[in-house]
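Read the structure below first, then the notes.
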Amino acid sequence: MNQALRAAIADTGGTVESLAEQVGVDPKTVARWVRPGRVPHPRHRAAAAAALGRSVEDIWPDVSRRHEPAWLRPWVETELQATALRSFQVAVIPGLLQTREYASAVLSSGLLGPDEVIEYVETRMRRQVAVLERRKPPLFVAVIDEFALRRGAPDIMHPQLDHLMNMAERSNILLHVLPLDAGLHAGQAGPFVIATTDDGDIAYLDDQAAGRLTNDTAALWAIWDTLRSVALLRRQTIDFLEARSWLT
């Protein structure tokens, strides 16, 4: 529970309803902010802090301590609001399902310095907890191209694949491998994630420079449906990960 927000509301003699009216949101939205891991969008954080006579850092201190790139922060906040996340990845394991060692190897392969890699890995691990370990975690569906499973040293990939198998046993996590023998597919243009929130669908698109968010998700939903149609079923995926013939 966000005790700082709860205390700030009480100190002003207000209620969830009165703060919601001041910020211009539904009372149920403010009630969600009080729960663990629920962080408002930046404009709502600023409005709520102003209404309560506090700084954003006083009420949401973790926000100011984050080390992810500034362009990624709106998406991180969207993840916390999502009731469902649907991720398609071509070249890497989805960040929310990466082991610490795999994440470190992926981040070390780029232009980050050693200290930055450590900070980014820690941030990624915290994101996993905030999103997947909260009281009511979102439905998380991932379609992962087999190519992503084949890239990486065996000593890193064996534990990573074990982790995927363990996560796939959770009722809210559905994994589907897109096998190489499926041939060319609709997702060749790159990875994406669709978040379903109380305010509608928001998609995240990644490229070499930075990621971006969009509310125009119709085309991505069509691609998603196509990818799911050629990916392995859930049980087939778990068996595929267990066999991992390319690593034996």
Note to self: Can you tell me which residue is nearest to Ala142 (Cα to Cα) among those in segment 89-117 that are touching an Asp or Glu at 6+ places or on another chain (Cβ under 8 Å) and assigned to a loop (DSSP other than H, G, I, E, B)?
What the structure shows: Val90
Check: In segment 130-158, which residue that is of a type in the set (A, V, I, L, M) and part of a helix (DSSP H, G or I) is nearest to Ile173 (Cα to Cα)?
Finding: Leu132
Next item on the list: Report yes if some residue within segment 111-124 is hydroxyl-bearing (Ser, Thr, Tyr), surrounded by 14 or more Cβ atoms within 10 Å (Cβ to Cβ), in contact with a Lys or Arg (Cβ under 8 Å, 6 or more places away or on another chain) and in the same structural domain as Leu161 (by TED's automatic domain parsing); otherwise report no.
Entry: yes
Margin query: Quick test for you: out of Ala48, Ala20, pick the one residue that is in contact (Cβ under 8 Å) with a residue 40 or more places away in the chain and either not assigned by TED's automatic domain parsing to the domain that holds Ala168 or not in a helix (DSSP H, G or I) (or both).
Written below: Ala48
Item checked: Single unsatisfied condition, Arg86 versus (1) touching a residue at least 24 places away in the same chain (Cβ under 8 Å); (2) within 30 Å of Leu149 (Cβ to Cβ); (3) assigned to a helix (DSSP H, G or I) -> (3)
Note to self: Regarding segment 164-177, can at least one residue be identified that is surrounded by fewer than 18 Cβ atoms within 10 Å (Cβ to Cβ), of a type in the set (Lys, Arg) and part of a loop (DSSP other than H, G, I, E, B)?
What the structure shows: yes
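The values are calculated or read from the model by the stated rules, or taken from the named source; none is laboratory data. Everything numeric here is computed off the predicted structure, so don't read it as measured data. No Cβ is skipped: glycine too gets one built from the backbone with ideal geometry, and neighbour counts run over all protein chains shown.
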